[in-house]
Amino acid sequence: AVRIAIVGTGLRGRSVLRELLAIEGVKITALCDVVEDKVRRASTMVTTAGQPAPALFFNGEKDFERLVQRNDIDFVYTATPWDWHTPVMLA
């Protein structure tokens, strides 16, 4: 399985999440957003799709730095505002 984390779970992030959940062999292991409610809505999508609840990160705008330290992530997808793409990807 490919283990994926998403940083940014607003409209675009949840749209991509929906597409990823439809792909066999994809496991969503972590979600991050500055808005807790958005992360929780995305987490519900994951569990409704039959996957285990992912780790959630919503403690400030740099919580993605904790997310990327995990060893159960193969790929990080960023759906943040464009000015956050570089800091997330560099982390």
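What follows is calculated from the coordinates using simple rules that are stated; it is not laboratory data. Since this is a predicted model, take the numbers as computed values, not measurements. Virtual Cβ from ideal backbone geometry, glycine too; neighbours counted across all protein chains shown.
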For the chain, what size does the Cα cloud have along each of its three principal axes, sorted from largest down, in whole Å? 31, 25, 20
How many times 2.2 N^0.38 Å is the alpha carbon radius of gyration of segment 1-53? 0.99
Chain lengthening between Ala53 and Glu65 when straightened (0.36 nm per residue, less Cα-Cα): 2.3 nm
Helix 36-48: inclination vs the chain longest Cα principal axis, degrees, rounded to 10, gives 20
Relative contact order, percent, of segment 10-86 when contacts are C-alpha pairs under 8 Å separated by at least 6 residues? 30
Taking the Cα-to-Cβ direction at Thr86 and at Arg3 and moving 7 Å from each Cα, how far apart do the two end points lie in nm? 3.0
